[in-house]
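What follows is one structure encoded as structure tokens, with my remarks underneath.
The values are calculated or read from the model by the stated rules, or taken from the named source; none is laboratory data. None of these values were measured; they are calculated from a predicted model. For neighbour counting, all protein chains shown are included, and Cβ atoms are generated from backbone atoms with ideal geometry for every residue, glycine included. Ligands, DNA and RNA are stripped out before the accessible areas are found, and what is left, the full protein with its side chains, is counted by its heavy atoms. Shrake-Rupley method; radii C 1.70, N 1.55, O 1.52, S 1.80 Å.
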Amino acid sequence: VTTMLVDHRNDGHLLFLTFDDPQRRNALGSTLLGEFIAALQDAAQRGVRAAVVGATPASGVWSAGHDIDELPHGDRDPLTWDNPLEEALRAVRDAPFPVIAAVDGSVWGGACDLVFTCDLVVAVRTATFAITPTRLGIPYNTAGVSHFVSALPLHVAKEMFFTADPITAEQAAQFGVVNRLVGDAEEMTASATSLAERIASRAPLAVRAIKAEMAALTDARMLTSDTFEHLSVLRTQAWTSRDYAEGLAAFHERRAPQFRGE
């Protein structure tokens, strides 16, 4: 079943991808992410110069985030280096062209990480962004946390993670995450397309080199082996805990979780 539409309304230099799985509120499952990664890789081979990633909103949701049904139940790390979402984030960062997120609706969890990992963001003023692992007891991985620390002021990133409360598109614009604030979906599409066309008119090899330089520079957060091991222990304690199992159970049972810190 195809859960993503790929629209080639262009001269070959632009790519338009739309998440279109309204029944699951565009949850980022392995099938959808696999199509997304393949589309970006194919675009690189075809010489695409800019991509726009959007979604067909479902009940006002741009994407509900990581597909909770695909998270393991306590027997292994839920966010390993090779899980589909992490692969998709790396595909965005490694793409030899800028990737623009076009957002209309609420963005939750791993989808927020995906949008913030994109190179540019165009958002309708009513859009919201929330990173929600603490609602489920999920210890977000260090790479994912680093994306937010790179994109946002530190105390803003802390509040988003600690509370799991959303920020508005206007706040995100003030923090420098959203490049263009627009009034509605039609203006969003026009603005994102115009931005992509503008980028495509520039020297693609220079754009590719500069994007790679920026990715390398923002990845340059050195961790000592001791720190890495300590972080690994903390994350393992979290995803093997009763709280993690409780968070997943509460989500499926549509109730508030009762976390006990064990």
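Here are some notes:
- Some residue of segment 11-19 being among the small types (Gly, Ala, Ser), open to solvent by less than 40 Å² (accessible area, probe 1.4 Å) and modelled with pLDDT of 90 or more: no
- Looking only at residues in segment 42-60 that are hydrophobic (A, V, I, L, M, F, W, C) and in a helix (DSSP H, G or I), the one that is surrounded by the most Cβ atoms within 10 Å (Cβ to Cβ) is 43.
- All of 30, 63 fail the test of being open to solvent by 40 Å² or more (accessible area, probe 1.4 Å), modelled with pLDDT of 70 or more and either of a type in the set (Gly, Ala, Ser) or out of contact with any Cys (no Cβ under 6 Å at 6 or more places or on another chain) (or both), apart from 30.
- Screening segment 86-191 for helices (runs of 4 or more DSSP H) wholly inside it with 3 or more residues that are open to solvent by 10 Å² or more (accessible area, probe 1.4 Å) and without any contact (Cβ under 8 Å) to a residue 12 or more places away in the chain returns the ranges 154-163.
- Answer from 91, 123 - the residue that is within 17 Å of residue 33 (Cβ to Cβ) and either at pLDDT below 95 or among the hydrophobic types (A, V, I, L, M, F, W, C) (or both): 91
To keep it simple, each residue is scored yes or no on (1) at pLDDT below 70; (2) closer than 25 Å to residue 118 by Cβ; (3) of a type in the set (Val, Ile, Thr).
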residue: 212; (1), (2), (3): no, yes, no
residue: 230; (1), (2), (3): yes, no, no
residue: 254; (1), (2), (3): no, no, no
residue: 258; (1), (2), (3): no, no, no
